[in-house]
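The values are calculated or read from the model by the stated rules, or taken from the named source; none is laboratory data. All figures in this text were calculated on a predicted structure; none of them were measured in a lab. Glycine gets a Cβ as well: all are built from the backbone with ideal geometry, and neighbour counts include every protein chain shown. We work out accessible area using only protein heavy atoms, side chains counted, and drop any ligands, DNA or RNA first. Shrake-Rupley method; radii C 1.70, N 1.55, O 1.52, S 1.80 Å.
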Amino acid sequence: MNGAEAVLKALQEEKVRHSFGVTGGSVIPLFDEYFKDNHEIRHIPVRHEQGAAHAADGYARASGKPGVCIATSGPGATNLVTGIMTAFMDSSPMVALGGQVATSLIGNDAFQESDMMGITLPITKHNFQIRSPEKINSTIKNAFKIATTGRPGPVYIDLPKDTLMKEVSAVEKVPLHGYKPNLKGHPLQVKKAAELLLNAERPVLLLGGGVILANAAKEAAELALEFNIPVITTLMGKSAFPETNALSLGMLGMHGRKCANYAISNADVVLAVGCRFNDRITGKLSTFLKDAKLIHIDVDNSEIGKIVPSAIPIVGDAKLVLQDLLLAAKKFSLAKKTTWSEKLKVLAKECDCDLNISSNPADPKRVIFEISKVLKENDIVTTGVGQHQMFAAHFLKRDRPRTFISSGGAGTMGFGFPAAIGARLARPDSEVFNIDGDGSFGMNVQELATCRFENIKVIPVIFNNSYLGMVRQWLELFYEKRYSTVDLGQSTDFSKISEGFGVKGLRVERPSELAEAFQAALKNDETTVIDVAIAPEANITPMFSAGSSVFEMFGPCITENYFKRAL
Amino acid sequence: MSFEKKSNGLRKHIVGMLVNDEPGVLAKISGMFTRRGFNIDTIIVGKTNIPDVSHIVISLLGNDRTIEQLDKQLYKMIDIVKLADFSESNAVVREHCLLKVSSTEKSVEHLNNVCKLFEARVLHVNTESVIVELASSPSKIDSLIETLAPFGIKELSRTGVNALQKD
């Protein structure tokens, strides 16, 4: 057995069923092994390595299993970088394999050599370079363990070509002494948290991406429903709690729902699970949770106290801690406090606005409205980054975990389409919609070829306004409409581009054609791109501007005064 | 070395760690300091009694919050096998210093007396200078440097803080 075979064997032992990547000089030995018929891994040869990394990430987010991507040395591996960083920022489990020049050439500026250990250092949970084939098996096992346990994240493995080609003479174990994630929350802290939460007058739960990563949505929902506590999510936490439930206040943050932003500003106790208080959700820090007591649960100790000080910090896995918290809470026999929750239920309803707008060209909210009508509970929505992403996050309601996949921390344009490909392979029984912008979709449009030749069905819905819309909105609101470099010129016809790739494309010019286009795409067994002309200067509101407090929102629905009076 | 808080809330912090002795580990650790805006005051790396495990001692100035965050970030690093916070009460804290001091026929005896007082060793002498060695607490090295300054310090090399935890 040579090194390449050992790599494939180790991937199989880790139950990998799909990988994404592009071949090249230094990984030829690995793909020579793939060519053999003695394994069960389906490799998806994508058209750009960035697509491979996002597809692996989308696969991980949809399934909870680690995504695997592969690239050759030098430019192949550097093309993975944006995708690895995207996974890192959102704590997505991923193992990225990069080819490398032979160990004898490392450091010589050899052909297609790049220092991937240095480059991936700040954007991975950990990285390895395997210099001897004996260490392949153990190192790959360690990589999967690190990627999937504790706070998940991407692990990069550098594979010099000679490591892949040499015979494996023995198997050498690589120790992992320095890795011990804390999973069990401190019982005393948990008890204190239960007491504080149940004695609160105005409690809210704030669920982050960690709830989904830890598969703790069931426990979080039980806590909310049992004790009648309203639930707010971050962008990454979206779908962790059923958004059609009356207790759901929706998303918090710059483009969050007013009821969520106002509720957290008026809460006396906030139980935050698996979220890291990014500036897009806290707004001005000095006013955020100023009068509230924070219980902060996170598996990563360094997130606790990093941004917002907590009254009760609990380090541990969200699922295990919430289970313990439920047990502890059930021991307190307190009357359910319903006033706050019932009032918030009403206020949340008042924040639901009419999406069925018939103006022409289509209002982005109308597109969301039409997608909502065809979307089933288990169907998956991925997004790019920009206005369309916030329209989807704000207005689309998702009830099941892992059905809303978006690049949160990194804000990577071009993420949504390849992520949809990965999600579809992970969950072949679900329809996968990629809500995207014309700017975002254009950044990884080449993966249409992957859909065509690998026969993968996804439904990209492009909010086409011929602008880099989110930046245009900022320029309109904060730069006196100086539209610098946001005009994408004459509208790109993505239906024609799709045809060129051999994929069906539909161009939707008026909102009345949307329903029919979605039906056609659902009926088609292959990818259908739906290119929707939307109102070019539609803005996503409500919002607060950068540097403002979370409650200083402008835009439609209720006002803060109204909210306070209603309480 | 003083561990008490300075007026601006900054205090000296010493952290020791056992790390895997592999290529790139030092870069991983020092890179994290740069990335998160921690300033390293001194850093030393050396072998230990355990094969394939090195010892790193880093000293830095920080306030309580940055130091807490630093410890948490270090704790997460997979190549760090063991982490310890050192203070003068729980550890032996030492540093090594080499100094090249100008000397003349007239000053050499006085110089020699100062070295004796500090228990510093004179390692090399010629007509222009002497090279002096002192292994001691960082604050005592500070005083030696101060005392020898009038003679004219031509060059100086300090190792940075080394420390071992007391049992």
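In the set A:A200, A:A220, only one residue is more than 14 Å from chain B (Cβ to nearest Cβ), part of a helix (DSSP H, G or I) and more than 18 Å from A:D300 (Cα to Cα); that residue is A:A220. Please verify whether A:I70 is over 29 Å from A:V211 (Cβ atoms), touching a Pro at 6+ places or on another chain (Cβ under 9 Å) and open to solvent by less than 10 Å² (accessible area, probe 1.4 Å), treating the condition exactly as stated. It is false that A:I70 is over 29 Å from A:V211 (Cβ atoms), touching a Pro at 6+ places or on another chain (Cβ under 9 Å) and open to solvent by less than 10 Å² (accessible area, probe 1.4 Å).
Of the residues in the stretch A:356-367, at least one is open to solvent by 40 Å² or more (accessible area, probe 1.4 Å), in contact (Cβ under 8 Å) with a residue 24 or more places away in the chain and touching an Asp or Glu at 6+ places or on another chain (Cβ under 6 Å). Just one of (1) surrounded by fewer than 21 Cβ atoms within 10 Å (Cβ to Cβ); (2) assigned to a loop (DSSP other than H, G, I, E, B) fails for A:P122. It is (2).
Just the residues that are open to solvent by 10 Å² or more (accessible area, probe 1.4 Å) and in a loop (DSSP other than H, G, I, E, B), please, taken from the stretch A:125-141. Within the stretch A:125-141, A:K125, A:R131, A:S132 qualify.
The residue of the stretch A:142-178 that is least open to solvent (accessible area, probe 1.4 Å), among those that are within 14 Å of chain B (Cβ to nearest Cβ) and charged (D, E, K, R), is A:D158. Name the single residue that is nearest to the other protein chains (Cβ to nearest Cβ) among those in the stretch A:100-116 being crowded, with 21+ Cβ neighbours inside 10 Å and farther than 22 Å from A:V171 by Cβ. In this case the residue turns out to be A:M116. Do we find that A:I212 is among the hydrophobic types (A, V, I, L, M, F, W, C), part of a helix (DSSP H, G or I), in the same structural domain as A:G253 (by TED's automatic domain parsing) and in contact with a Gly (Cβ under 9 Å, 6 or more places away or on another chain) in this structure? Yes. Within the stretch A:418-442, the set of residues being surrounded by fewer than 24 Cβ atoms within 10 Å (Cβ to Cβ) and not in a helix (DSSP H, G or I) comprises A:R427, A:P428, A:D429, A:S430, A:E431. Before we move on, is A:F277 within 14 Å of another protein chain (Cβ to nearest Cβ), under 18 Å from the mean Cα position of the chain (by Cα) and assigned to a loop (DSSP other than H, G, I, E, B)? Against the criterion (within 14 Å of another protein chain (Cβ to nearest Cβ), under 18 Å from the mean Cα position of the chain (by Cα) and assigned to a loop (DSSP other than H, G, I, E, B)), A:F277 qualifies. Of the residues making up the stretch A:270-292, those that are touching a helix residue (DSSP H, G or I) at 6+ places or on another chain (Cβ under 6 Å) and not aromatic (F, W, Y) are A:L271, A:V273, A:G274, A:R276. Scanning the stretch A:15-53 for residues being buried (at least 20 other Cβ atoms within 10 Å of the Cβ), touching a His at 6+ places or on another chain (Cβ under 8 Å) and assigned to a loop (DSSP other than H, G, I, E, B) gives a total of 1. Does A:S372 qualify as being assigned to a helix (DSSP H, G or I), away from chain B (no Cβ under 14 Å) and open to solvent by less than 10 Å² (accessible area, probe 1.4 Å)? No. Total residues in the stretch A:313-349 satisfying the condition of being open to solvent by 40 Å² or more (accessible area, probe 1.4 Å), closer than 17 Å to A:S248 by Cα and more than 28 Å from the chain's Cα centre (by Cα): the figure is 6. For B:E146, the stated conditions do not hold, so it cannot be described as modelled with pLDDT under 95, outside the structural domain of B:G46 (by TED's automatic domain parsing) and not in a loop (DSSP other than H, G, I, E, B). Among residues of the stretch A:454-512 being among the aliphatic types (A, V, I, L, M) and in contact with a Cys (Cβ under 8 Å, 6 or more places away or on another chain), the one that is surrounded by the fewest Cβ atoms within 10 Å (Cβ to Cβ) is A:V503. For the stretch A:528-535, state whether one or more residues are surrounded by fewer than 17 Cβ atoms within 10 Å (Cβ to Cβ) and either within 25 Å of the chain's Cα centre (by Cα) or modelled with pLDDT of 95 or more (or both). Within the stretch A:528-535, none of the residues are surrounded by fewer than 17 Cβ atoms within 10 Å (Cβ to Cβ) and either within 25 Å of the chain's Cα centre (by Cα) or modelled with pLDDT of 95 or more (or both).
So, A:L183, is that one aliphatic (A, V, I, L, M) and buried (at least 18 other Cβ atoms within 10 Å of the Cβ) or not? Spelling it out, it is not the case that A:L183 is aliphatic (A, V, I, L, M) and buried (at least 18 other Cβ atoms within 10 Å of the Cβ). Candidates in the stretch B:38-65 are the residues that are under 11 Å from the mean Cα position of the chain (by Cα) and among the polar types (S, T, N, Q); of these, the one that is nearest to B:V15 (Cα to Cα) is B:S59. Of the helices (runs of 4 or more DSSP H) entirely within the stretch A:468-567, those holding at least 2 residues that are in contact with an Asp or Glu (Cβ under 9 Å, 6 or more places away or on another chain) and closer than 25 Å to A:I421 by Cα occupy A:494-500, A:514-523. The residues in the stretch A:286-312 that are more than 11 Å from A:V273 (Cβ to Cβ) and either more than 25 Å from the chain's Cα centre (by Cα) or away from chain B (no Cβ under 11 Å) (or both) can be counted, and the count is 14.
Taking each residue of the stretch B:1-15 that is among the small types (G, A, S) and looking for partners that are modelled with pLDDT of 60 or more with beta-carbon atoms closer than 6 Å, six or more apart or interchain, yields B:G9/B:N63. Consider the stretch A:237-260 and keep the residues that are part of a loop (DSSP other than H, G, I, E, B), hydrophobic (A, V, I, L, M, F, W, C) and over 19 Å from A:N539 (Cα atoms). The one that is nearest to the chain's Cα centre (by Cα) is A:A240. The combined condition, being more than 20 Å from the chain's Cα centre (by Cα) and of a type in the set (S, T, Y), is fulfilled by B:S107.
Out of the stretch A:198-218, which residues are in contact (Cβ under 8 Å) with a residue 40 or more places away in the chain, open to solvent by 10 Å² or more (accessible area, probe 1.4 Å) and over 30 Å from B:I29 (Cβ atoms)? Those that are in contact (Cβ under 8 Å) with a residue 40 or more places away in the chain, open to solvent by 10 Å² or more (accessible area, probe 1.4 Å) and over 30 Å from B:I29 (Cβ atoms): A:L198, A:N199, A:E201, A:R202, A:P203, A:I212, A:N215, A:A217. Under the condition of being among the aromatic types (F, W, Y) and out of contact with any strand residue (DSSP E or B) (no Cβ under 6 Å at 6 or more places or on another chain), the residues counted in the stretch A:5-52 number 2.
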